[in-house]
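Beneath this line is the structure, given in structure tokens, with notes to follow.
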Amino acid sequence: MIANEAELKALMLASLNGDAAAHRSLLNQLSGRLRAYYRGKLSRLGRGATEAEDLVQEALIAIHTRRHTYDPSEPLTPWVHAIARYKLIDHLRQTRASMADAPIDEADEVLAQDDHIGVESAYDIHRLLNQLPEKMRRAIQAVKLDGLSVGETATRYGVTESAVKVSVHRGLKALAASIAREKKA
């Protein structure tokens, strides 16, 4: 079974509330995705599965020991991706791999294979979202990140479905423009 953002986040929240079984399940779910991420990155550098396994363990330990730093109001997958990416960078620095050969800034995500919310770029989506007006930010958060329907979002915020659709459309357009500006800089 492939867990999506909502399922992984639910496991993390239960874990933060002391549910040991949920914590084990979360780490099990993440281990496979981390393994695929590290094997893919390291194979491009001619590195082996042993290094990938070491990195999986380091990332899982970091997720476990730093879980108190996770903000429950945010999606889980970008937080996990940041940890995985920094572990990879640290490993490559320690092993003196050429950073020019490391494709760590590509749009690959640790959980891209099952992440239905579209967290596919290396950009920090929450930093970008914070640049938007609150109405657009809430609509995108609810519909695109939290997985609510347009109707559910409209009911939650006391607006029309059309207003939600417009806010999502305009917000995504603004995000795309912001990303394009950052790429030029």
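The values are calculated or read from the model by the stated rules, or taken from the named source; none is laboratory data. Model, not experiment: these values are computed from the prediction. Here Cβ is always computed from backbone atoms with ideal geometry, including for glycine, and neighbour counts include all displayed protein chains.
Can you spot a residue in the range 61-73 that is of a type in the set (Gly, Ala, Ser) and loosely packed, with under 13 Cβ neighbours inside 10 Å? Scanning the range 61-73, I find at least one residue that is of a type in the set (Gly, Ala, Ser) and loosely packed, with under 13 Cβ neighbours inside 10 Å, so the answer is yes. Looking only at the range 15-45, filter to residues that are outside any helix (DSSP H, G or I) and touching a helix residue (DSSP H, G or I) at 6+ places or on another chain (Cβ under 9 Å); which one of those is surrounded by the fewest Cβ atoms within 10 Å (Cβ to Cβ)? Out of the qualifying residues, it is ARG44. Checking SER149, SER167, SER121, SER162 one by one, the residue that is modelled with pLDDT under 80 and hydroxyl-bearing (Ser, Thr, Tyr) is SER121 and no other.
Return yes or no: is GLU53 surrounded by 14 or more Cβ atoms within 10 Å (Cβ to Cβ), assigned by TED's automatic domain parsing to the domain that holds ASP90 and free of Cβ contacts under 8 Å to residues at least 24 places away in the same chain? Spelling it out, GLU53 is indeed surrounded by 14 or more Cβ atoms within 10 Å (Cβ to Cβ), assigned by TED's automatic domain parsing to the domain that holds ASP90 and free of Cβ contacts under 8 Å to residues at least 24 places away in the same chain. Exactly one residue out of GLY158, GLY151, GLY171 is on the phi > 0 side of the Ramachandran plot and not hydroxyl-bearing (Ser, Thr, Tyr), and it is GLY158.
Close contacts from the range 76-97, counting a first residue that is assigned by TED's automatic domain parsing to the domain that holds GLU51 and a second that is assigned to a loop (DSSP other than H, G, I, E, B) and modelled with pLDDT of 85 or more, with Cβ to Cβ under 8 Å and a gap of 6+ residues or different chains, come to LEU76/TYR70; TRP79/TYR70; TRP79/ASP71; ILE83/ARG66.
Any residue that is part of a loop (DSSP other than H, G, I, E, B), within 25 Å of LEU145 (Cα to Cα) and of a type in the set (Asp, Glu) - is there at least one of those in the range 6-14? Within the range 6-14 (the criterion being part of a loop (DSSP other than H, G, I, E, B), within 25 Å of LEU145 (Cα to Cα) and of a type in the set (Asp, Glu)), the answer is no, since none of the residues qualifies. Pairs are defined by a Cβ separation below 6 Å, a sequence spacing of at least 6 or placement on different chains, a first member in the range 1-12 that is over 11 Å from ASN28 (Cβ atoms), and a second member that is at pLDDT below 85 and not β-branched (Val, Ile, Thr); the pairs so defined are ILE2/ASP114; ASN4/ASP114; ASN4/HIS116; GLU5/ASP115; ALA6/GLY147.
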